[in-house]
Amino acid sequence: MEYKYKYKVAEIFTSINGEGFRAGELSVFIRLCGCNLRCSYCDTMWANSESAPHKEMSAEEIRSAVLKTGVKNVTLTGGEPLTAPYVKELLAYLAEENELRIEIETNGSVSIEEFSAIKNRPAFTIDYKLPSSGMEDKMCLADNLPFIEKKDCMKFVAGSEEDLVKAAEIIEKYKLTEKCHVYLSPVFGKIDPAFIVEFMKEKNLNNVRLQLQLHKFIWDPEKRGV
């Protein structure tokens, strides 16, 4: 790389992937500081500020830490990782390791266009913010649709029946199940997963998967680094 930018890494750790199409598989998580949204149910608010506790790491240091684990899945998360300075360069650098499978968890308010052009393109898990989040007006799904691929995920985190109705409308309107993996998840502790199942049955939501956050069932829901 041509510069020695230091990324603000809130934490870097190895655990299982709690969500997405690689749920249950080991992954190295790189959590960057900073987020442009403030969702009502955010569970990583502590990392959302640029001044959150962090370690400054270069791209070389981050890649070295990843390679030392021997784990092939890498999840870049936040906050909102796609708003971090020079994050495209970091992604391109990590992608040079062809054996690594890179996934980006993004909040749905940032265009993925420029990041889709990276060689050895990462997979995107795009979290569409439903009404109870208070952030739905920040979504840019229509702009991102041309760049979504089969290996990507669209995730809808619902905290109410209103959220579920809106998720079903979006899934149908954009025919998302034909474009990528689609998941419905409950806001932890706010809605009964069984209610979501009944809703899926009522709406005949084929090719949509209910997904629970595995890490919140294995460990304390407030525990970090898992």
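The values are calculated or read from the model by the stated rules, or taken from the named source; none is laboratory data. The structure presented is a predicted model; accordingly, all values stated were derived computationally and were not measured. Cβ placement follows ideal geometry from the backbone for every residue including glycine, while neighbour counts extend to all protein chains displayed. Surface accessibility is based on the protein's heavy atoms, side chains included, excluding ligands, DNA and RNA. Shrake-Rupley method; radii C 1.70, N 1.55, O 1.52, S 1.80 Å.
When the test is whether a residue is closer than 23 Å to L141 by Cβ, over 17 Å from the mean Cα position of the chain (by Cα) and modelled with pLDDT of 95 or more, Y174 passes it.
Considering the conditions (1) outside any loop (DSSP other than H, G, I, E, B); (2) modelled with pLDDT of 90 or more; (3) of a type in the set (F, W, Y); (4) under 27 Å from D163 (Cβ atoms), Y41 is excluded by exactly one of them, (1).
Here is a check on your reading of the model: is L90 within 25 Å of E149 (Cβ to Cβ) and at pLDDT 95 or above? Answer is yes for this residue. Could you go through the stretch 138-145 and let me know if any residue there is free of Cβ contacts under 8 Å to residues at least 60 places away in the same chain, open to solvent by 70 Å² or more (accessible area, probe 1.4 Å) and under 18 Å from S40 (Cβ atoms). Checked against the condition, which is being free of Cβ contacts under 8 Å to residues at least 60 places away in the same chain, open to solvent by 70 Å² or more (accessible area, probe 1.4 Å) and under 18 Å from S40 (Cβ atoms), the stretch 138-145 yields no hits at all. Between a residue in the stretch 60-83 that is touching a residue at least 40 places away in the same chain (Cβ under 8 Å) and of a type in the set (S, T, Y) and any residue that is open to solvent by 50 Å² or more (accessible area, probe 1.4 Å) and part of a loop (DSSP other than H, G, I, E, B), which pairs come within a Cβ distance under 9 Å, given they are 6 or more apart or on different chains? Short answer, once both residue conditions are applied: T75/R22; T83/N36.
Give the number of residues within the stretch 79-117 that are part of a loop (DSSP other than H, G, I, E, B) and within 28 Å of D137 (Cα to Cα). Working first, answer last.
Restricting attention to the stretch 79-117, the residues satisfying the condition of being part of a loop (DSSP other than H, G, I, E, B) are 79-80, 84-86, 96-100, 107-112, 117.
Still in the list and also within 28 Å of D137 (Cα to Cα): 79-80, 84-86, 107-112, 117.
Residues in the stretch 79-117 being part of a loop (DSSP other than H, G, I, E, B) and within 28 Å of D137 (Cα to Cα): 12 in total.
Within the stretch 123-153, the set of residues being closer than 18 Å to D163 by Cα, among the charged types (D, E, K, R) and not in a helix (DSSP H, G or I) comprises D127, K129. Exactly one residue out of L130, L210 is of a type in the set (A, V, I, L, M) and crowded, with 16+ Cβ neighbours inside 10 Å, and it is L130. Taking residues in the stretch 29-55 that are in contact (Cβ under 8 Å) with a residue 60 or more places away in the chain, and partners anywhere that are polar (S, T, N, Q) and not in a loop (DSSP other than H, G, I, E, B), the pairs with Cβ atoms closer than 7 Å and at least 6 places apart or on different chains are N36/T83; C39/S133; S40/S132; S40/S133; Y41/S133.
Scanning the stretch 154-203 for residues that are closer than 26 Å to E113 by Cα, part of a loop (DSSP other than H, G, I, E, B), open to solvent by 20 Å² or more (accessible area, probe 1.4 Å) and in contact (Cβ under 8 Å) with a residue 12 or more places away in the chain yields a total of 2.
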